[in-house]
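This report refers to the structure that appears directly beneath it.
The values are calculated or read from the model by the stated rules, or taken from the named source; none is laboratory data. Remember, predicted model here, so these are calculated numbers, not experimental data. Here the Cβ is made from the backbone with ideal geometry for all residues, glycine too, and neighbour counts use every protein chain on show. We work out accessible area using only protein heavy atoms, side chains counted, and drop any ligands, DNA or RNA first. Shrake-Rupley method; radii C 1.70, N 1.55, O 1.52, S 1.80 Å.
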Amino acid sequence: MDCRIHHRRRRAGTVEYLTSKGRLSAPPSAEAMKPAQHPTALRTQQLLVEAGISTQVVEFEQPTRTSAEAATAVGCTVAEIAKSVVFRAKPSGQAVVVVASGDNRVCEEKVAKLVGEKLGRANAEFVREATGYAIGGVSPLGHTNPVKMLLDVDLQSYKTVWAAAGTPFSVFSLTPNELEKITGAQWADIRLES
């Protein structure tokens, strides 16, 4: 898999791997990356093929349920992880999925304005019922029920981003344009300003 490492350099006795947006202290663990085998990850792979996206869903031995875990496993920066954050819209009860850059916190106020409803927290049971996925593995496509979806405009800063593939151990890479294509969602400023 292409982890977007441009080159490596020695610094103070260690090797740094430079990506398009940052530094890694170690190379991606290619031997830990294997083709998808879990039925949910394979379903995601099929959905990607049907959408015309040429990418490979991969699985890891270690979990990739947080942005930091995924970035470490893949060998990219946390910002290049396209994490799915799920809210419950009030009063409709519909799921709102925000696909955000891994290092951004989502501003609920901005999202509520964009979707036209107040937001509530989504517990694990609601996330699984609404999307068909467990927390930590919510893919940006293939939800079991209709959802409202927004894409974090900051993801457009990267050539490649990595998203969950339906399990807390599987991911796939794609371009921001491909992410827009498979979701049909709009780009928006959803970042919580500090």
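Just one of the numbered conditions (1) within 22 Å of residue 54 (Cβ to Cβ); (2) touching a His at 6+ places or on another chain (Cβ under 9 Å) is not true of residue 149: (1).
Kindly provide the set of residues from region 145-194 that are of a type in the set (S, T, N, Q), farther than 20 Å from residue 115 by Cα and exposed (fewer than 15 other Cβ atoms within 10 Å of the Cβ), ordered by number. Once the filter is applied, which keeps residues that are of a type in the set (S, T, N, Q), farther than 20 Å from residue 115 by Cα and exposed (fewer than 15 other Cβ atoms within 10 Å of the Cβ), region 145-194 yields 157, 177, 194. I'd like to verify a number: residues in region 105-122 that are in a helix (DSSP H, G or I), open to solvent by less than 60 Å² (accessible area, probe 1.4 Å), hydrophobic (A, V, I, L, M, F, W, C) and touching a residue at least 12 places away in the same chain (Cβ under 8 Å), how many? Count: 2. Every test in (1) open to solvent by less than 40 Å² (accessible area, probe 1.4 Å); (2) under 22 Å from residue 168 (Cβ atoms); (3) free of Cβ contacts under 8 Å to residues at least 24 places away in the same chain is passed by residue 125 save one, and that test is (1).
Can you say whether residue 44 is assigned to a loop (DSSP other than H, G, I, E, B), hydroxyl-bearing (Ser, Thr, Tyr), at pLDDT 90 or above and in contact with a strand residue (DSSP E or B) (Cβ under 8 Å, 6 or more places away or on another chain), as far as the supplied structure shows? For residue 44, the condition - assigned to a loop (DSSP other than H, G, I, E, B), hydroxyl-bearing (Ser, Thr, Tyr), at pLDDT 90 or above and in contact with a strand residue (DSSP E or B) (Cβ under 8 Å, 6 or more places away or on another chain) - is not met.
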